[in-house]
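Every read-out reported here was derived from the displayed coordinates using simple, explicitly stated rules and does not represent laboratory data. Note that the coordinates shown come from a computational prediction; the quantities given were computed from them, not determined experimentally. Because the Cβ atoms are built from the backbone with ideal geometry, glycine has one as well, and the counts that use them run over all protein chains shown.
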Amino acid sequence: MGLSDSIKSAMAEAPLNATCTVKIAMSKLPDSDKKILESALYDRSIKASVLGRALKKENIDISTPTITRHRNGGCLNCAR
Ligand SMILES: [Zn+2]
């Protein structure tokens, strides 16, 4: 498969307009935890990988690249 096809199929698997898992997880959290997660996301002293591990302990599965993208405002569907 050529690079162009690979990019197309990768994009189909992870469309830009897919709802980001940070947002999905956020909607399931109680308000108190939501605030904690929100401030952790804004706190750049917490590495995305560290935050991801902490979330995993709470049975919330958000990948490091997703956290990074969300932090950088790269999600189309997340209100900034
Ligand atoms: Zn997001």
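Given R₀ = 25 Å, FRET efficiency for GLU13-ASP33 by Cβ-Cβ distance, to 0.05?
Details: r = 30 Å, r/R0 = 1.18.
For R0 = 25 Å, the calculated efficiency reads 0.25.
Using 0.36 nm per residue and subtracting the Cα-Cα separation, the extra length available between THR64 and SER4 on full extension is 19.0 nm.
Remark: spin-label model distance ARG44-LEU76 equals 2.7 nm, labels positioned 7 Å along the Cα→Cβ axis. Listed peptides 59-68, 1-10, 26-35 appear in the order 59-68, 26-35, 1-10 once ranked by packing, highest mean of other Cβ atoms within 10 Å at the front. For the chain, the tally of Lys pairs with Cα-Cα distances below 29 Å comes to 17, considering only residues 8 or more apart or on different chains.
Tell me what the chain gives for mean residue ellipticity at 222 nm when only DSSP H runs of n ≥ 4 count, each as -39,500 (n - 2.57), the sum divided by the residue total, rounded to 500 deg cm²/dmol. Each step should come with its number before you reach the end.
Numbers: 5 runs with 49 residues, N = 80.
Rounded to the nearest 500, it is -18000 deg cm²/dmol.
Here the Karplus relation 6.51 cos²θ - 1.76 cosθ + 1.60, evaluated at θ = phi - 60°, turns the backbone of segment 60-70 into coupling constants of 10, 9, 10, 6, 4, x, 5, 4, 4, 5, 4 Hz, with x for every Gly and Pro. Looking at the chain, the GluC sites (Glu not before Pro) that sit in a DSSP loop and have at most 14 other Cβ atoms within 10 Å of their own Cβ are GLU58.
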